[in-house]
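See structure below.
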Number of protein chains: 2
Amino acid sequence: MTSSGFSQVGRKTVELFYDVVSPYSWIGFELLCRYRHKWNIDLKFKPFFLGAIMHYSKNSPPGSNLHKGNYAGKDLHRLRSYCNIPLNAPSDVAEVMFVKGTLSAQRLLTAISMDLDDKAVEDVSRELWLRIWSKDKDITEADSLLAAATNAGIPMEKAKILLTRIKDQDVKDKLKERTETALSHGAFGAPTILVHVDGKAHMYFGSDRMPLIAHLLGEKYEGPLPELSKL
Amino acid sequence: MTSSGFSQVGRKTVELFYDVVSPYSWIGFELLCRYRHKWNIDLKFKPFFLGAIMHYSKNSPPGSNLHKGNYAGKDLHRLRSYCNIPLNAPSDVAEVMFVKGTLSAQRLLTAISMDLDDKAVEDVSRELWLRIWSKDKDITEADSLLAAATNAGIPMEKAKILLTRIKDQDVKDKLKERTETALSHGAFGAPTILVHVDGKAHMYFGSDRMPLIAHLLGEKYEGPLPELSKL
């Protein structure tokens, strides 16, 4: 057994269910990316559809309450500098989150997860978050999605094929299946994190449960580790 | 200036607004008690009335959503061992939280905060949380409130006088004033934490913002420090 093969033994799997509409999902995503080697976890990206999660769990977003919405804005601003993630709210946040939405973007990520590797899913997810939650750019038009994919290193021809896949039934079904999996574990928002330890899936909600996840994994959490940022 | 006097210079004030109906308030309370010397903060206890906060901010408790309520139960169980706080849900949690409520308990804490010192408020608060959120004991009857006060070291005669104070207008007004202060800073739940730095009040919600509070204070957060537990 090679040393690389050996290092796989005893690795624990962490599944991150997320939607690029959610800035807290971005924080959870970056923190887990920074810790995956330190914690020796197998990090799996599971794009799901937050709109359906909120609908079926009968939950409502923080922005639907005036006090909570105002606080979330302050909280994200604090987390921006603390975590070194260049968060900026879109200029019309309600329109972007609730009218335009992310169904096409999440279907594109699903197609990438089916046809390419984890690295491609990671890189395109980051590009989509940078567009919607940092640079105030669209992520609903075909050109926008192609720009995110090609900026992440996917060749234009391949990106165009992937974009046509968002209308395919198998891609729609996979996104639905992932969303249902998260719901079956009690999801009511994003990020939803499943930590698989000793044959059991432990569900965590939010970007602020990293210390508890580390505790379950028997690892150390030392804060957001900005020096490991890819941003 | 004595060295003790000198150590006061530059101390920052942290106000903890809480209600003993809230288990997350207990966590926030214990964590701040464990850190107040490490961070050299002046920790002020501000019992308020969470029922009014939820009403005026138009917020609803996590338990009003099935998925959120189930998750909160799991989350509190995890936090119990991680933070070393002996949290146990009352046997009829909805009855205890929403029918019986904590108005008398919060008025007693308010009277103590007006007539005695911070240490008494701290100790009686902890006794009340131990009753409601650990030992499944009542905190609404006169005997229950007297037991909490005397267990915390207040002599019986004094405890009886304090208990009569919960009907006094000045005590009711003080509780109302504190609740309104929290609302004016955007409170929508508990704990609500005001951190005063450079003449400005920074509002934080929840027991999971300690790393961000430490960041603002220029201090280190090293987890829940169970070795400093008073429990």
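Here are some notes:
- Label-point gap, in nm, between A:Ser91 and A:Thr13 - each point 7 angstrom along Cα→Cβ: 4.4 nm
- Under 11 Å, Cβ to Cβ, from B:Asp123 - net charge with Lys/Arg +1 and Asp/Glu -1: -1
- Around the Cα centre of the stretch B:12-226, unit charges on the Cβ atoms of Lys, Arg, Asp and Glu (plus for the first two, minus for the last two) sum to a dipole of about 340 debye.
- Ascending distances from the B:Leu66 label point to its copies in the other chains, with the point 7 Å along the Cα-to-beta-carbon line: 3.2 nm.
- Accessible carbon and sulfur surface of the stretch A:12-226 relative to its total accessible area, %, 1.4 Å: 51 percent
- Helix-only mean residue ellipticity at 222 nm for the protein assembly as shown, each DSSP H run of n ≥ 4 adding -39500 (n - 2.57), per residue, nearest 500: -16000 deg cm²/dmol
- Shielding value for A:184-191 is 3, the average number of Cβ atoms from other chains within 10 Å of each residue's Cβ.
- Cα centroids of the stretch A:172-231 and the stretch A:23-78: 10 Å apart.
- Among beta bridges that DSSP assigns inside the protein assembly as shown, antiparallel share in %, nearest 5: 60 percent
- Alpha carbon convex hull of the protein assembly as shown, projected area averaged over orientations, nm²: 25.1 nm²
- Peptide B:214-227 is shielded by partner chain Cβ atoms: per residue, an average of 2 of them sit within 10 Å of its Cβ.
- Loop sites in the stretch B:119-178: GluC sites (Glu not before Pro), DSSP, at most 12 other Cβ within 10 Å: B:Glu141
- Taken per residue, the accessible surface of the protein assembly as shown reaches 45 Å², heavy atoms only and a 1.4 Å probe.
- Cβ-defined net charge surrounding A:Asn59, 13 Å radius [Lys, Arg +1; Asp, Glu -1]: +3
- For peptides A:144-152, A:189-197, sequence by mean Cβ density within 10 Å, most packed first: A:189-197, A:144-152
- Comment: the Cα-to-Cβ extended label point of B:Arg36, at 7 Å, lies 4.4 nm from its counterparts in the other copies, nearest first.
- Heavy-atom accessible area for B:Lys220, with the other protein chains in place and a 1.4 Å probe, reaches approximately 150 Å².
- Closest Cβ on chain B to the rotation axis that carries it onto A (distance rounded to whole Å): B:Asp208, 2
- Taking the C-alpha atoms of chain B, convex hull volume expressed per residue in Å³: 135 Å³
- Take B:Lys200, push a point 7 Å out from Cα through the beta-carbon direction, and compare it with the same point in every other copy: 4.5 nm, smallest first.
- Spin-label pair B:Leu225/B:Asn70, simplified geometry with 7 Å Cα→Cβ offset, distance in nm: 3.7 nm
- Amide N proximity, the stretch A:216-231 versus A:Lys44 label position 7 Å along Cα-to-Cβ, cut-off under 20 Å: A:216-218
- Spacing of the modelled spin labels on A:Asp136 and A:Glu157, each 7 Å from Cα toward Cβ, amounts to 3.8 nm.
- Computed over the stretch B:12-226: relative contact order in percent, which uses C-alpha pairs under 8 Å that are six or more apart: 32 percent
- Taking Cβ atoms as reference points and 12 Å as the exclusive limit, the residues near B:Pro191 contribute a net charge of -2, counting Lys and Arg as +1 and Asp and Glu as -1.
The values are calculated or read from the model by the stated rules, or taken from the named source; none is laboratory data. This structure is a prediction, so every number in the text was calculated from the model and none was measured. Note: ideal-geometry Cβ built from the backbone for every residue, glycine included; neighbour counts use all protein chains shown. Side chains are part of the model used for accessible areas, which takes the heavy atoms of the whole protein and leaves out ligands, DNA and RNA. Shrake-Rupley method; radii C 1.70, N 1.55, O 1.52, S 1.80 Å.
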